[in-house]
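Here's the structure, in structure tokens; my notes come after.
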Amino acid sequence: MQGDFRFDSEKLGFTFIKKTHAVTNPRRHFHPWWEILYITSGQRTFFYGSKTVQARAGTFLIVTPGVLHRAINPEGETCSLYNVFFESESFTASKNLVDDIHSIFPRLEPFIQLGDETMAKVKGLFERMEEEITLQKENFEVLARALLSEIIVLVSREANAGDFHESTYAMSENFSEILAWMNSHYEENLTLPLVAKKFNITPSHLSRSFKSFTQFSFVEYINSLRIAQSCKLLRGTKMSVLDIALKCGFGSVTQYGRWFKKLVGKSPVKYRNS
């Protein structure tokens, strides 16, 4: 089938997207739901958590809720892909429809490069999903979920996490170590000089590295980590907004609210109740 395609349905349990000319995502972001992405042609660079990976046709990406990520295409180039967003956990009924699929995700690496035989099978299954969702014959949702389940099982059997081209955006091992450490210590009072001193580099070099490798400033990156974690606590606990702000490393609820609105687009209270 030709052209771009998108289908949103709570009854289906996920959003199905096909892009024939996907371009660079303008911003690094995170969301509270699972996402899978499969590239059928072209290539693009993914920044995911503290990793940068060059993906190509046959690359299957599983995005965990709350992990910062961004896709960057080579200048002037596009790629084709299939994309599936699973409903937020607030949609309990629709989440239950795909519980078997969700249960497989945590056991897989985020990037899986499929072999030629599996690539052809997975692409064919996505095409059948698109046809079912487009034609919407009787009980098409059931068959679409079954096809997606088959895709996930095939990918989990392949599970070849590696075999990626070196990225032109690839970060140094030292900087990857810095990001990994920050991902585990975001709740502490981290400052640019403090982190630079810990890793024996100058603050100015650390600042430049952040802009170069993540397109975030140091402050933007650390606060994005904190906001992502706070989203999990808002939806998964009954903690007060103040307690969540302090637990995630913010100095005040005012500072927390300002950053939350900037990155999520709404207040913490509205997010919790949405």
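The values are calculated or read from the model by the stated rules, or taken from the named source; none is laboratory data. Predicted model, so just to flag it, every value in this text is computed and none were measured. Because the Cβ atoms are built from the backbone with ideal geometry, glycine has one as well, and the counts that use them run over all protein chains shown. Side chains included, ligands, DNA and RNA excluded: accessible areas come from the protein's heavy atoms. Shrake-Rupley method; radii C 1.70, N 1.55, O 1.52, S 1.80 Å.
Lysines within cross-link reach of residue 137: Cα-Cα under 19 Å, excluding same-chain residues under 8 positions apart? Excluding near neighbours in sequence, the set is 11.
Estimated at the nearest 10 Å², the accessible area of residue 137 is 130 Å² with a 1.4 Å probe. Across the options 108, 185, 135, the greatest Cα extent toward the positive end of the charge dipole of the chain (unit charges at beta carbon of Lys, Arg, Asp, Glu) belongs to 185. Ranked by solvent-accessible area (1.4 Å probe, protein heavy atoms only, all chains present), the residues 182, 119 order from largest to smallest as 119, 182.
Can you flag which of 198/266; 51/238; 51/197; 18/121; 18/261 are past 26 Å Cα-Cα? All intermediate terms of the calculation are to be shown ahead of the outcome.
Details: 198/266 35 Å; 51/238 32 Å; 51/197 23 Å; 18/121 17 Å; 18/261 30 Å.
Listed pairs above 26 Å: 198/266; 51/238; 18/261.
Across segment 192-199, coupling constants 3J(HN,Hα) worked out from phi with the 6.51/-1.76/1.60 Karplus curve, θ = phi - 60°, read 4, x, 5, 5, 4, 5, 4, 9 Hz, and Gly and Pro carry x. Quick one: angle between helix 253-264 and the longest Cα principal axis of the chain, in degrees between 0 and 90, rounded to 10, please. Relative to the chain, helix 253-264 is tipped by roughly 30 degrees.
Close amide-amide hydrogen proximity is noted between residue 79 and 22, each under 5 Å apart and 5 or more residues distant or on a separate chain (H modeled in the peptide plane; Pro and chain starts excluded).
At the residue level, residue 17 shows approximately 10 square angstrom of accessible surface with a 1.4 angstrom probe and all protein chains present.
Checking (1) 50, 47, 39; (2) 58, 43, 32; (3) 66, 41, 33 against Cα extents along the principal axes in Å calculated from these atoms, the matching label is (2).
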